[in-house]
1. Highest first, please rank the peptides 341-348, 284-291, 259-266 by the mean number of other Cβ atoms sitting within 10 Å of their residues.
2. Please check which bits of the stretch 312-339 a label hung off residue 265 would reach, taking the label as a point 7 Å along Cα-to-C-beta and the cut-off as backbone N under 12 Å.
3. Mind listing P(r) for the stretch 276-348? All alpha-carbon pairs, 5 Å bins, whole percents.
4. Can you tell me the dipole magnitude for the stretch 276-348 around its Cα centre, using point charges on the Cβ only (Lys, Arg +1; Asp, Glu -1), in Debye to the nearest 20?
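Rule-based calculations on the coordinates, nothing more; no lab input. All values derive from a computational prediction rather than experimental measurement. Cβ sites come from the backbone with ideal geometry, for glycine too, and all protein chains shown count toward neighbours.
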Amino acid sequence: MNDEQATLDRMTDEAALWLIEAEEGLSPARAREFEQWRRADARHEAALARLQWGHARLRELPEVDASLLPEAARVAARPRQRSAVWWGVAAAACAASVALALITGWKPAAAPDYGLIYACETGGFQRVALPDGSRLELNENSRVRVRFEADLRRVELQAGEAHFTVAKDAARPFVVEVEGVAVRAVGTAFLVRKSAFSVDVLVTEGRVQVCEAASAGAAATTPERSPGAPTGMVLEVTAGEQTRVTAGSGWAAGNLPRVEKVSRQVIRQTLDWQERKLFFADVPLRDVVQEFNRRNRLQLVIQDQELAERPVGGTFASDNIEGFLRLLEGSGVVTTERRGEWEVMLRARTGVRE
C-alpha cells in the first residue's frame, strides 16, 4: 500500500467515526471540531460523501439470492446495528450496489449531499455553517437532522427551536419539517419553534410558505412543479410576521392558522437567545423567571402572586442568573432564600410600599 492510499484509508476511518458520533448528536464543541476537520482537507468531505452514499445504499439493497453476489455484496447487504462496523461496511456497499445493478438491473438513487444531526444542550447555543452557505442557529435543548438532496434541501426540527438564514438557490428549495408542518423557503431568514402542542414560525427576512409536510416534501410530478413545491393549502408569511400552527388543527379551507404582524421589540425578544441576552420591557417577573429557568440549572421560584405580576425591564445576560438575583435584592423589593444547591425562593420584601 502506498502512502497516498494509506492516507485515504485513514481519512475514511476518521469520517466513519465522525458520522457515528453525528448520528447520535454533536455537542456544540464537537460540532465545531467536526466543521474544522471537514474544512481542513477537501478529501475529508469526499470521504464523508462516499460513506453516506454507501450507507444509503445499504438501506436500499433489494432482496436477492445471496449466492449470486460477491462476498463484499453479501456482507454489505446484511442488516447491521449502528456501529463502526456499520459505517465501515458502507464502503463495501459501493461495490455491492454495482454488483446488484449488473445482476438485477436495480439502479441506486443519486448520492445525498448531507445527512447529519446537530444538537444543543441546556444553556447552550450553536451556530452552524451548512454546506450550501446557509446558516443554522440552534437554541438550547434543540435538535435537527439536516439532509441535502440533489433537488431539495431538507431539515427536520426534532426538538426546540432554530433560526435559519437560507442561501438563495432557486433550483433547490429549503424545507424545514416539524410535526406535520413544513416551512418552505428559497432565500430568506426565519425561526421555527416546536412546543408540546404547536409549531411557531417567525419570519425575519423575505417570505416563506407554510403548509402540510406531505405537500411541501412531495416530489415533482409535472415539469411545471419543482421538488418541494406545496400542493395543498398554503400560508404565506412575510418578514415581520408570525404564525402558530396548533397540533391537529388541520389544513382545510377556512381553517388556516392566523398570520400576525409582530413588532421589532417582539422579534428582538424572540431571538435574544442568539446573543445570550434577555431583553424585557415591563414584563411580569413570572415571565422573566420562566426565561431564566429555561436557560439555567439553578431554578427560581416565586412565592406569591403579587410579586409575580411586578413588571421588570432591562437587558440581562441569560447565563448570569446570580447577577440577576443581586439586582433583585438590590431593588429593595425582593428577598431571596436558597433551598438546596439548585433552587432559590423569591419573596416580596415585607414593609415595602408601592
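1. By packing density, highest mean first, the sequence is 284-291, 341-348, 259-266.
2. Residues passing the 12 Å test: 312-314.
3. Bin by bin from 0 Å, the calculated values are 4, 16, 31, 31, 15, 3, 0.
4. 260 debye
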